[in-house]
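The values are calculated or read from the model by the stated rules, or taken from the named source; none is laboratory data. What you are looking at is a predicted structure, and each value in this text was computed from that prediction instead of being measured. As a convention, Cβ positions derive from the backbone with ideal geometry for all residues, glycine included, and neighbour counts pool all protein chains shown.
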Ligand SMILES: [Zn+2]
């Protein structure tokens, strides 16, 4: 934006400088025509006219230098605009690429969420209501995990190894008894790898 503003400022400056040159040129042309017409006869007026024509020529040269200087600045501003436009394009294409990948990831997550939610519904329907209620309550209290695997005598919910007395109680419990971790109160799921 700044480079574009600089470029258009230079363009305006150039137009103004060119108009200045034009004005001086027109005035010099008028003076020259008067001189050539022979209408001016007084030696003093002729000298003045010639003097003015000379200064106008110098003035025109100076103003043309200004035009050139402005044109140079405008060119480098234009180059800068082009360079930055190119960079904006390349950054934009990276944004588009990242956005595309993000959207694809969102879609994948949504698909997975839908499938896991459906799976959960099926499993939840097979769990007794009071146990499901306990599980949901624990899940809310324990950061989303209401039941944990008992693995090698360790609760995988809180990573605490069960004390020997607790372990004995779990060993003695019937397979359909709901056993819970003494430490975090989560439901413990017994498997062949529980170390019982
Ligand atoms: Zn635990």
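The figures follow:
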| read-out | value |
| --- | --- |
| Which listed residue is over 48 Å from the mean Cα position of the chain (by Cα) and within 13 Å of the ligand (Cβ to nearest atom), from 189, 179 | 179 |
| Subset of region 143-169 that is assigned to a helix (DSSP H, G or I) and away from the ligand (no atom under 12 Å from the Cβ) - its residue that is surrounded by the most Cβ atoms within 10 Å (Cβ to Cβ) | 167 |
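So that you can scan it fast, the table gives a plain yes or no per residue for (1) outside the structural domain of residue 9 (by TED's automatic domain parsing); (2) closer than 30 Å to residue 17 by Cα; (3) assigned to a helix (DSSP H, G or I):
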residue	(1), (2), (3)
66	no, yes, yes
73	no, yes, yes
76	no, yes, yes
80	no, yes, yes
86	no, no, yes
89	no, no, yes
93	no, no, yes
102	no, no, yes
118	yes, no, yes
